[in-house]
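I have placed the structure first, in the form of structure tokens, so that the comments after it can refer back to it.
Only the coordinates and a few stated rules stand behind these numbers; no lab work does. All values reported here derive from a predicted model rather than from experimental measurement. FYI the Cβ positions are ideal-geometry reconstructions off the backbone, even for glycines, and counts take in every protein chain you see.
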């Protein structure tokens, strides 16, 4: 590998002589010569770091800029000071030698005239030391760079671990939180994570609400110990959740033995949500059959439930205060779904839906329905038609309801036209075929009462409930 040498001397003869010695040496030397210190520094400023010389051979006595002034500049520069300087000078006094080496910091000092062999030996040693120092400097630089990268990697790893720990903690917290708050609500009230939960945030949406309740739960609970009651209730609720989830619904809350489920999917239509809610209800009824089969084997009484479904606008958000809050669904639609569930006891039906939900059903043939009544529930000023869905009934009951569906509707029409006797006749015909059907009994009693005492002239066929 060749070495670069900068030769600085005002004597052209010396420059020619030194160049000749270097060019005929065993080692490969590339020589650039300048006639004074100023020209040498000017040339150095134009060189990139990789092209800087491995050695400067410098005369001390020169016009324009002496070798002493030149070396002072060299040794004050961050890069140039690492280039070794060999003073080649006619100043042979000991004081000048000491000054050149100690004060001016030259790496070597050779008086003129000089022996070419000694000169080449000194040049070779200085360049060898320079290249060794360059290698050491590169290694140190690489080591420093590696340490910087290592520290950077460590800092990034530390930051990543912290973020990962925070993410895992947030995920665990979210997982725990979702046991109490449905994740569907989480997506609304905390779309950017639980730590960014929006307290008091509210939005309106059209959803379908399902309410279910265990019939005669108080009587069941009276015969069970606290632990037995809790085991029964948790087992029941656990079994009822899958049909709801399978049809894209989610449980908003458990209210004792009651379940409130919401069917609200951003990518679904209102009709989809209504049908999903109804399919979930029918699925819950199938699960109930399985539960009762198990209870029968244990010689336990069967369990029955009532389900009410309504579709309408609700408000979804958080209520409470910063230290204690709850996510919930509010509005008339929620109250109405609850009221419909309560009416299942009155009509002896297991599943009642509102006219709003019934109107959203696209495949009417899929569901067995019959209009039950036009009612005014407590707390509501607007009447509504309600319908029974009886797909979940026993086969014989389904057959009878379908067989007398037209007869029952004729009785309903007569009833609403104040034709009490005609209505009474139709309802008796229905009751004769299915005496256990409580709906027929309800209308029989109404017709008999109205025959005895007619309702007001402004009566519009609406039955008003005074209790929840």
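Here 2, 425 are placed in order of increasing Cβ neighbour count within 10 Å, fewest first, which gives 2, 425.
For region 339-406, what is the convex hull volume of the alpha-carbon atoms per residue, in Å³?
On the way: hull volume 6.1 nm³, N = 68.
Each residue corresponds to 90 Å³ of Cα convex hull volume.
Label-to-label distance, residue 155 versus residue 50, with points set 7 angstrom from Cα along the beta-carbon direction: 2.9 nm.
Where a ≥ b ≥ c are the square roots of the eigenvalues of the C-alpha gyration tensor, would you call region 375-468 rounded, which needs a/c under 1.5, or, failing that, prolate if a/b is larger than b/c, or oblate?
The shape class here is oblate.
Between residue 362 and residue 300, the contour length at 0.36 nm per residue exceeds the Cα-Cα span by 18.3 nm. DSSP beta bridges confined to the chain are antiparallel in about 65 percent of cases. Labels on offer are [x] 1.02; [y] 1.26; [z] 2.17, and the one holding Cα Rg over 2.2 N^0.38 Å computed from this structure is [z]. Each residue, residue 425 and residue 269, gets one label point 7 Å from its Cα in the Cβ direction; the gap between the two is 4.3 nm.
Overall form of region 222-372: oblate. Here a/c, set by the Cα gyration tensor axes a ≥ b ≥ c, is 1.5 or more, and a/b is not larger than b/c.
The calculated 222 nm mean residue ellipticity attributable to helices in the chain amounts to -16500 deg cm²/dmol, summing -39500 (n - 2.57) over DSSP H runs of n ≥ 4 and dividing by all residues. Fewest neighbouring Cβ atoms within 10 Å first, the residues 34, 426, 124 line up as 124, 34, 426.
Fewest-first ordering of 78, 418 by other beta carbons within 10 Å of each residue's beta carbon gives 78, 418.
Using R0 = 35 Å, the C-beta based FRET efficiency linking residue 438 and residue 239 works out to 0.85.
Extension gain, residue 133-residue 230: 0.36 nm per intervening residue step, less the Cα-Cα distance, totals 26.7 nm.
Once the Cα atoms are used to define both axes, helix 420-433 deviates from the longest principal axis of the chain by about 70 degrees. Rounded is the label for region 1-124. Its Cα gyration tensor axes, ordered a ≥ b ≥ c, give a/c under 1.5. Put the Cα centre of region 24-76 next to the Cα centre of region 425-445 and the gap is 121 Å. Extending 7 Å from the Cα toward the beta-carbon at both residue 11 and residue 319 defines two label points whose distance is 10.7 nm.
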